[in-house]
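The next block holds one structure in the form of structure tokens; read it before the comments.
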Amino acid sequence: MTTPMIQLSGVRKSFGSVEIIQGVDIAVEDGEFTVFVGPSGCGKSTLLRMIAGLESIDSGDLVLNGKRINDVPPDQRGIAMVFQSYALYPHMTVAQNIGFSLDLKKVPKAEIAREVGRVSELLQLSELLDRRPAELSGGQRQRVAIGRAIIKRPRVILFDEPLSNLDAALRVQMRAELQKLHQELRPTIVYVTHDQVEAMTMATRIVVLNKGRVEQWDTPIELYNNPINTFVAGFIGSPRMNLVPGTIIGDAASQSFKANAGWTTRLDNRSLAGAVGQLVTLGMRPEHIQPATDNVDLEATIAIVERLGAETYLNARNGDDTLLVRAQGDLALAPGSTVKLALNHGAFHLFDQSGRVITG
Amino acid sequence: MAGISEKRSGAYTFLAYVTLIVISIFCILPFIWMALASIDSNAQLFLKWPDSVTFDHYTKVFAEENGVRWFANSLFTVLSATFIVMVVAGLGGYALSRSKAWWKQPFLYAILLIRVLPSTALLVPLYKILLTANNGIGTLLRPLVGEHYRSVMQLFGFIDGYLGLIIVLATGQLPLALWIMKVFFDGVPKDYEEAAILDGATLVQRIRRVLIPLALPGLAAAGLFAFMSAWGDFLLPLILLSSPELQTLPIGLFRAFLRVNEIDYGLLAALATIYLIPAVIAFSFARRFLVQTFSGGVKG
């Protein structure tokens, strides 16, 4: 196995009496696009700033390309960072902003101009080099910020929620551009976002963080298909996974799930004989619940209908349980009416009371 | 209906303009008197059109009186004080903005208190402190400079020396300047500095290439306030300076007014006009920075 580009082992960090990072172990391979995702306050930005060297590390090791860099100053780590606010120097032109790091290193003017030219061409900024940041659109500023990062030819580029200041359409476009950039230059990227869609679409691997801990760390599709706990199950995927509290009932031969609201469904292809009587949470993705006429598992009352054309989201209630249904096609159902629902038994996720997944 | 309201608003507008014009005339009259009297060959205490236009008063200020010296003294002390204020307020305002120390708020209000207290009330203890400091530095310098003692003390003395006046002037202007810079830096995101750190900028480079350009509007505003306020200060140079060759413009003006035999209104007006000019120039330079600073704008 090759040495990972970035390795964090047992990394911890406290602000005052609050432990923000509670022992993180991850490794980022060379050329990987890793995304740290989690709700606000989960420590993802702090972790990124620790890699950048903008925050100190209380304990644990940060290893970059085989070398421990806990105490190496930020500018000597070979790391570049794109800030959420872009932090473009307002008194400098685009060219000066991009070339600033080379200028500080006393690189000859001609060489700076050549490098700025190379980067600006790559990012389609050649026309804007003489402008100041205030004269640029949000997307252009974003590209200047990226240009300032890649001109140093860093081994690692860190992104701190770089798309959160852009409108929805521009965000989709920048997502594509970032992926293209990653494919062309192949840098190691660590990217922080609270938006799981950004994480799913761009990452080669996702680190799901919550309250300063790594909840799960895997490829996007693996996180989607096999979340190891209710937090990851609820966080990854949009719309969210349905999480229904209930009990496992049955005998040694066959088991079923009985929701607290009263409805039951059988649990196929699982050996849960030992778990009978256990309080559990049943997780079902919205696309795994469909309106049906055969093999109906439960009936529910429709509360909200969202018709998107290609698919329809139903918010359906059965007792205290609210189920989100993602039905294919356009369904003209009226709120208040009853709908029969069939569940995809093969796609069930079961979690125990502590929220951990039950296999078997 | 529209006609009535139009008429009414017309009358209101007329009334408003009349009021504003009256107030404006009231405000501008002293300046007009000053300007006219300064070029009037027979200037009097009342407002009148010049008998004949002459620049003799200005010539007199510079040729017969010590006008050049006074002007230079004023400019030197006030500019030095302003420079000190800008440096200290720039660094201090930055520190106060970024610090999370518990004493930050109490400190900020305490320095504001300095500004609120009338400095006249503190004059006697201030003089006593400066006198002690003056004796101290005198004892220190006398063996070093020997025969040049007097001229050196005019530069570095705390009483009857430039240094004392400069420091006290600067101290008086610092609280407001610190507040201006603190509030200004509050509006400058830390991201700029962190980006510069990652770009490989040293502390000095960060200050010179990033922070000072970003802080320029704030520094200009703080410096302008310090300059205008120190330029207008009369009491401190009056108390602290006694040598004629150290006199500043306001003191020269004051002494000219106090002369027993004759009051030369033309000369006084010319002096006052000269005294006004730097303040007006400073204001016109810094006006655009003021707008930037106080409309809260470093939006990038």
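Read the figures in this text as sums done on the coordinates, not as results from a lab. On a predicted model such as this, the values are computed, not experimentally measured, just so you know. Using ideal geometry, Cβ is built from the backbone for each residue, glycine included, and neighbour counts are taken over all protein chains shown.
Long hydrophobic helices in chain A: the complete DSSP H runs spanning 15 Å or more by Cα along their own axis with mean Kyte-Doolittle hydropathy of at least -0.5 are A:94-104, A:109-122, A:138-150, A:168-185. Using the Karplus relation 6.51 cos²θ - 1.76 cosθ + 1.60 with θ = phi - 60°, the per-residue 3J(HN,Hα) values for the stretch A:255-263 come to 10, 9, 9, 10, 5, 4, 6, x, 6 Hz, with x marking Gly and Pro. Each residue, A:GLN183 and A:SER9, gets one label point 7 Å from its Cα in the Cβ direction; the gap between the two is 3.6 nm.
Going from the residue with the fewest nearby Cβ atoms within 10 Å to the one with the most, A:ASP167, A:ASP75, A:ASP195 rank A:ASP167, A:ASP195, A:ASP75. Using a Gaussian network model of chain B in which every pair of alpha carbons under 10 angstrom is joined by a spring, one finds that among B:TYR17, B:TYR58, B:TYR109 the greatest mean-square fluctuation is at B:TYR17. Model label sites at A:LEU243 and B:LEU113, defined 7 Å from Cα along the beta-carbon direction, differ in position by 5.3 nm.
By the helix-only formula, in which each DSSP H run with n ≥ 4 contributes -39500 (n - 2.57) and the sum is divided by residues, chain A has a 222 nm mean residue ellipticity of -7000 deg cm²/dmol. A Gaussian network model of chain B, with springs between Cα atoms under 10 Å, assigns the largest mean-square fluctuation among B:TYR127, B:TYR149, B:TYR275 to B:TYR149.
The slack between A:ILE358 and A:ASP195, meaning 0.36 nm per residue of separation minus the straight C-alpha distance, is 56.0 nm. Residues whose amide H comes within less than 5 Å of that of A:GLU311, counting only those at least five positions distant or on another chain, are A:GLY329 (H built at 1.01 Å from N in the peptide plane). Shielding value for B:188-196 is 6, the average number of Cβ atoms from other chains within 10 Å of each residue's Cβ. For the residues of A:97-104, the average number of beta carbons from a partner chain within 10 Å of their own beta carbon is 4. Amide H contacts under 5 Å for A:GLY38: A:THR193, A:LEU209, restricted to partners 5 or more places along the chain or on a different chain, H placed in the peptide plane at 1.01 Å from N.
Phi-derived couplings, Karplus 6.51 cos²θ - 1.76 cosθ + 1.60 at θ = phi - 60°, listed residue by residue for the stretch B:43-54: 6, 10, 6, 10, 6, 8, 6, x, 4, 8, 7, 8 Hz, with x used for Gly and Pro.
Shown in residue order for the stretch B:171-188 are the 3J(HN,Hα) couplings computed by the Karplus curve 6.51 cos²θ - 1.76 cosθ + 1.60 at θ = phi - 60°: 4, x, 8, 4, x, 4, 4, 4, 4, 4, 6, 4, 5, 5, 5, 4, x, 9 Hz (x for Gly and Pro).
Could I have the simple spin-label model distance between B:THR13 and A:THR264, label points 7 Å from Cα toward Cβ, reported in nm to one decimal? Result for the modelled spin labels: 8.5 nm.
Footprinting exposure proxy ranking of A:GLU198, B:GLU64, A:GLU306, A:GLU55, fewest other C-beta atoms within 10 angstrom first, gives B:GLU64, A:GLU306, A:GLU55, A:GLU198. Exposure proxy for B:PHE225, B:PHE285, B:PHE158: other Cβ atoms within 10 Å of each Cβ, ordered fewest to most, give B:PHE285, B:PHE225, B:PHE158. Going by a ≥ b ≥ c, the root eigenvalues of the Cα gyration tensor, does the stretch A:198-308 fall in the rounded group (a/c under 1.5), the prolate group (a/b larger than b/c) or the oblate group? Cα axes put the stretch A:198-308 in the oblate bin. One Cα centroid belongs to the stretch A:292-360, the other to the stretch B:98-159; the line between them spans 79 Å.
Please compare each pair in A:LYS67/A:LYS106; A:LYS67/A:LYS105; B:LYS60/B:LYS128; A:LYS44/A:LYS340 to a cut-off of 30 Å on the Cα-Cα distance and tell me which ones are over it. Where the Cα-Cα span goes over 30 Å, the pairs concerned are B:LYS60/B:LYS128; A:LYS44/A:LYS340.
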